[in-house]
Amino acid sequence: KQSANKRAHELHELINTYNYEYNVLDKPSVPDSEYDRLMQELLKLEEAFPELKTSDSPTQRVGGTVLAAFQKVVHKTPMLSLGNAFNETDLRDFDRRVKQAVGDDVQYVVELKIDGLAVSLRYENGLFVQGATRGDGTTGEDITENLKTIRSIPLRLKKELSFEVRGEAFMPKKSFEKLNELRLQLEEEPFANPRNAAAGSIRQLDPKIAAKRNLDIFVYSIADLGGTGVEKHSEALDLLEEVGFKTNQERRKCETIEQVLNIIEDLQEKRANLSYDIDGIVIKVDSLAQQEELGFTAKSPRWAIAYKFPAEEVMTK
Ligand SMILES: Cc1ccc(Cn2cc(C(N)=O)ccc2=O)c(C)c1
């Protein structure tokens, strides 16, 4: 019994590490067959000792039960929407408003705006306990079972933190194309775009269907930064990476709005080559103290803005 417990712990460590390398770093160090062998060993061990089948076991990612409906979840911290900027003038106005409020010593973080759906992940002492859609910003739907099927969401963090993490769930472009091919073969309605496909997949009542849709996620903020001692948004992103989350590597720090404008040019050129859809970039004041000073309007933070790319001309094949 004791040795079974020990072996199960070893298998969790190995499988979680290989899962992280493959799904988060996209740099596996072992062949798929080796990963599969370890998973099969853990499944057998859990059959022999059912008490080993803990909620954070890698074998528990795809739940069994089909839900009748989604439960409602009230977000501890509301999930707000971002104000939009559509041109350089809007961005310079944003920069001016920020500086009027907090002075000239401002640094920005620029991130890609992933075209998916915003979700919230709650962790207690390092364990993934609940996930929800944004909903109306205050109340969302409990989609924990479906989020567990996203391999880049850690079921157990490398640190025993209790916090709420926000991220954008999305469907990679290649998965979207494959899914629509399949739907056309089955004479089902194809999805209009990856965002709709991701939304339709993550709101499946049967986790086994969600698990087949190859969804992914980039996390981008910690809602209740409480005791983490983090003072900058860029540090929060580094912390999320340290504890095992997938964050987007295209993020840049900028000293001036000029640098932001230059980076927008670069990122707009990269857009077509990305493996996922983006609909713009997000600019945030890096200092959390300055974010606090700036506060919120009725529905959006004053310390962040979304620059929306012009709608792409649709390439009809
Ligand atoms: C049979 C099988 C097992 C695993 C995978 C994909 N994969 C591989 C690894 C790995 N190599 O570290 C880790 C996690 C994972 O999901 C496939 C495609 C097929």
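With angles folded into 0 to 90 degrees, how steeply does helix 233-242 sit against the dominant principal axis of the chain? Use alpha carbons for both and round to 10.
20 degrees
Taking the 0 to 90 degree range and rounding to the nearest ten, how far is the long axis of helix 2-23 tilted relative to the main principal axis of the chain, both from C-alpha atoms?
Approximately 40 degrees, to the nearest ten.
Relative contact order of the chain, please, whole-number percent, based on alpha carbon pairs below 8 angstrom and at least 6 residues apart.
On the way: 528 pairs, mean separation 76.4, N = 317.
The value is 24 percent.
Cα to Cα, under 14 Å, and not fewer than 8 places away if on the same chain: which aspartates and glutamates meet these conditions relative to LYS76?
Candidates past the 8-residue exclusion: GLU124, ASP136, GLU141, ASP142, GLU164, ASP224.
Return P(r) of the chain (all Cα-Cα pairs; 10 Å bins starting at 0; whole %; ordered from short to long distances).
Reading upward from the zero bin: 5, 24, 33, 24, 10, 3, 0.
Grab the other residues whose beta carbon is less than 12 angstrom from that of LYS212, score K and R as +1, D and E as -1, and report the net.
On the way: positive: LYS178, LYS208, ARG213; negative: ASP206.
So the surrounding residues net to +2.
If a/c stays under 1.5 just call it rounded; otherwise compare a/b with b/c (prolate if a/b is bigger, oblate if not). Do that for region 215-281, with a ≥ b ≥ c from the square roots of the Cα gyration tensor eigenvalues.
oblate
Using a simple spin-label model with points 7 Å from Cα along the Cα→Cβ vector, what separation in nm is obtained for ALA192 and ASN262?
3.9 nm
Rolling a 1.4 Å sphere over the protein heavy atoms, what is the accessible area per residue of the chain, to the nearest Å²? Can you show the working numbers first?
Details: 16650 Å² over 317 residues.
Per-residue value: 53 Å².
What are the ³J(HN,Hα) couplings of region 157-165, residue after residue, when phi is run through the Karplus curve with 6.51, -1.76, 1.60 and θ = phi - 60°? Round to Hz, x for glycine and proline.
7, 6, 10, 7, 8, 10, 7, 10, 10
In terms of modelled amide H atoms, which long-range or inter-chain residues lie less than 5 Å from the amide H of ASP286?
Here the answer is GLN107, TYR108, VAL109, since their amide H atoms fall under 5 Å of that of ASP286.
Could you work out how far the C-alpha centroid of region 195-210 sits from that of region 249-288, in angstrom?
If you average the Cα positions of each part, the centres end up 29 Å apart.
Which cross-chain or sequence-distant (5 or more) residues have an amide H under 5 Å from the amide H of ASP115, H modelled 1.01 Å from N in plane?
For ASP115, the qualifying residues are ASP277, ILE278, ASP279.
Which of LYS27/LYS208; LYS159/LYS253; LYS113/LYS246 have a Cα-Cα distance over 23 Å?
Details: LYS27/LYS208 26 Å; LYS159/LYS253 26 Å; LYS113/LYS246 15 Å.
Among LYS27/LYS208; LYS159/LYS253; LYS113/LYS246, the Cα-Cα distance tops 23 Å for LYS27/LYS208; LYS159/LYS253.
Would you mind telling me the share, in percent, of accessible area of the chain contributed by carbon and sulfur at probe 1.4 angstrom? Let's see the in-between values first.
Working: 8390 of 16650 Å².
Carbon with sulfur: 50 percent of the solvent-accessible area.
Under the definition of Cα pairs under 8 Å and six or more residues apart, what whole-number percent is the relative contact order of region 232-315?
Numbers: 55 pairs, mean separation 23.5, N = 84.
Once normalised by length, the contact order is 28 percent.
Nearest 10 degrees is fine. How inclined is helix 32-48 to the longest principal axis of the chain, computing both from alpha carbons?
60 degrees
List, in order, the whole-Hz ³J(HN,Hα) value for each residue of region 176-183 obtained from phi through the Karplus relation with A = 6.51, B = -1.76, C = 1.60 and θ = phi - 60°; use x for Gly and Pro.
So the Karplus estimates, Gly and Pro as x, are 4, 4, 4, 4, 5, 4, 4, 5 Hz.
For a test of the definition: using alpha carbon positions, the gyration tensor, and the 1.5 limit on a/c, classify region 173-317 as rounded, prolate or oblate.
Details: a/c = 2.33, a/b = 1.59, b/c = 1.46.
Prolate shape, in that a/c is at least 1.5 and a/b is the bigger ratio.
The values are calculated or read from the model by the stated rules, or taken from the named source; none is laboratory data. No experiment lies behind these values; they were computed from the predicted model shown. As a convention, Cβ positions derive from the backbone with ideal geometry for all residues, glycine included, and neighbour counts pool all protein chains shown. With ligands, DNA and RNA removed, areas are computed over all heavy atoms of the protein, side chains included. Shrake-Rupley method; radii C 1.70, N 1.55, O 1.52, S 1.80 Å.
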